[in-house]
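**Student:** Sending over a structure as structure tokens; questions will come in a sec.
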Amino acid sequence: MGQRPPIIINRLDAERIQRLIDHASEKDLMVAELLDEELSRGEVLDPQDIPDDVVSMNSQIRFTDLTRGRQMIRTLVYPHALESVPDGISVMAPIGAALIGLKVGDVIEWPLPNQTEVRLRIDAIFWQPEREKQFHR
């Protein structure tokens with residue numbers, strides 16, 4: 001397994017993600033197991049204690065796929081919100097799962113279902129619920 005920087009997770013996000021993991025379908029099993037690992041190694045903080053530069057659920061972020069040299073802007077969402085968020089990426093998608101809890105500037109190497117790895121770098125957080133004092137999104 002490649003490089004994995006330390007991560008910080010909002011307590012409410014951790015509880016909601018744990019429920020997704022517990023009810024993951026067969027096709028989401030790999031991502032669920034990786035997310036479970038991330039939750040267990042992450043530092044869990046109350047929403048109001050989340051630093052401004054950490055990717056939390058519903059954050060809109062710019063990140064670079066260093067493997068393919070592509071920059072993207074996405075909003076990290078729960079699977080049920082995908083339809084209502086035009087630039088949404090699900091936390092249960094392989095790349096979405098890699099983003100949770102990272103800080104701006106972090107690079108993570110993350111396995112993909114096709115037996116390859118992707119290297120992602122967090123470039124900016126345009127919007128973060130905690131920074132906007134929206135602690136229950």
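The values are calculated or read from the model by the stated rules, or taken from the named source; none is laboratory data. Just so we're clear, the structure is a prediction, and the values are computed from it rather than from any experiment. With ideal geometry, Cβ positions are generated from the backbone for all residues, glycine too; neighbour counts draw on all protein chains shown.
**Student:** Is there a residue being among the β-branched types (Val, Ile, Thr) and closer than 22 Å to Ala124 by Cβ anywhere in segment 37-50?
**Tutor:** Within segment 37-50, the subset among the β-branched types (Val, Ile, Thr) is 44, 50.
Add one more test, that the residue is closer than 22 Å to Ala124 by Cβ, and what stays is 50.
There is at least one residue in segment 37-50 that is among the β-branched types (Val, Ile, Thr) and closer than 22 Å to Ala124 by Cβ.
**Student:** Look at Gln128 and say whether it is buried (at least 20 other Cβ atoms within 10 Å of the Cβ), of a type in the set (S, T, N, Q) and within 17 Å of Leu12 (Cβ to Cβ). I'd like the intermediate steps shown before the answer.
**Tutor:** Details: buried (at least 20 other Cβ atoms within 10 Å of the Cβ): yes; of a type in the set (S, T, N, Q): yes; within 17 Å of Leu12 (Cβ to Cβ): yes.
Yes: the conditions hold for Gln128.
**Student:** Going by the conditions given, is Gly101 surrounded by fewer than 20 Cβ atoms within 10 Å (Cβ to Cβ), at pLDDT 95 or above and of a type outside the set (Lys, Arg)?
**Tutor:** Working: surrounded by fewer than 20 Cβ atoms within 10 Å (Cβ to Cβ): no; at pLDDT 95 or above: yes; of a type outside the set (Lys, Arg): yes.
For Gly101, the condition - surrounded by fewer than 20 Cβ atoms within 10 Å (Cβ to Cβ), at pLDDT 95 or above and of a type outside the set (Lys, Arg) - is not met.
**Student:** Could you tell me whether any residue of segment 15-38 is farther than 24 Å from Asn114 by Cβ, without any contact (Cβ under 8 Å) to a residue 60 or more places away in the chain and of a type in the set (A, V, I, L, M, F, W, C)? Even if it seems obvious, please write down each step before you answer.
**Tutor:** Narrowing segment 15-38 to residues farther than 24 Å from Asn114 by Cβ: 15-16, 18-19, 22-23.
With the extra rule that they be without any contact (Cβ under 8 Å) to a residue 60 or more places away in the chain, the set shrinks to 15, 18-19, 22-23.
Going one step further and asking which of them are of a type in the set (A, V, I, L, M, F, W, C), we end up with none.
No, there is no match, as no residue in segment 15-38 is farther than 24 Å from Asn114 by Cβ, without any contact (Cβ under 8 Å) to a residue 60 or more places away in the chain and of a type in the set (A, V, I, L, M, F, W, C).
Quick grid of which residues meet (1) crowded, with 19+ Cβ neighbours inside 10 Å; (2) of a type outside the set (Gly, Ala, Ser); (3) free of Cβ contacts under 8 Å to residues at least 12 places away in the same chain:
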residue	(1), (2), (3)
Asp46	no, yes, no
Pro51	no, yes, no
Phe63	yes, yes, no
Arg74	yes, yes, no
Tyr78	yes, yes, no
Pro86	no, yes, yes
Met92	yes, yes, no
Glu109	no, yes, no
Glu132	no, yes, yes
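**Student:** So Leu12 fits all but one of (1) under 20 Å from Leu112 (Cα atoms); (2) in a helix (DSSP H, G or I); what number is the exception?
**Tutor:** The number of the failed condition is (1).
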